[in-house]
Amino acid sequence: MADLSRDLIERHWTLANKREWNEFSELLSDDLKYELPQTREYAESGAAYLEMFRTWPGEWRATIRMLVCESQQAVCVIEFAVGVEVMTGISVFGIKDGRINQVTDYWPAPYEPPPRMTPLLKRRAQ
């Protein structure tokens, strides 16, 4: 079953990159729930999720860097490039009846850590 989930998520990114929206829409549940915690944005249908991709500004491309799958869920780390800007995205997918029914996207960004009170936590050089 994990192989079916892997195929579904790989196909998701392949079709999105190719802008093949009719085929892309077939991967999505009508009642798909999408969440973006950092910006508090959300969508409540597969059509809305597709529209987000279809209208994303700029010439973008997603490249899978890691994909971990179970039968009804998957976690995918992508490199998302828009022009010269490259970001890391982490998507948690829910899968039901062979279609994507839930997506939560996280976009981690580097930040300066606060002062630490312990010398046991170290920081790597850049």
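The values are calculated or read from the model by the stated rules, or taken from the named source; none is laboratory data. Fair warning: this is a prediction, and the values are worked out from it, not measured in the lab. Neighbour counts run over all protein chains shown; Cβ positions are idealised from the backbone, glycine included.
List of remarks:
- The stretch 18-33, residues that are exposed (fewer than 13 other Cβ atoms within 10 Å of the Cβ) and part of a strand (DSSP E or B): 30, 31
- Within the set 34, 111, 49, 42, the sole residue that is out of contact with any Cys (no Cβ under 6 Å at 6 or more places or on another chain), more than 21 Å from residue 14 (Cβ to Cβ) and modelled with pLDDT of 90 or more turns out to be 42.
- Residue 95 of a type in the set (A, V, I, L, M, F, W, C), outside any helix (DSSP H, G or I) and surrounded by fewer than 17 Cβ atoms within 10 Å (Cβ to Cβ): no
- For first residues located in the stretch 75-97 and among the basic types (Lys, Arg), partners that are assigned to a loop (DSSP other than H, G, I, E, B) and lie 6+ apart or on another chain with Cβ distances below 8 Å form the pairs 96/72.
- Inclusion of residue 80 among residues that are among the aromatic types (Phe, Trp, Tyr) and closer than 22 Å to residue 29 by Cα is not warranted.
- Only one of 36, 15 that is free of Cβ contacts under 8 Å to residues at least 60 places away in the same chain, aliphatic (A, V, I, L, M) and surrounded by 15 or more Cβ atoms within 10 Å (Cβ to Cβ): 15
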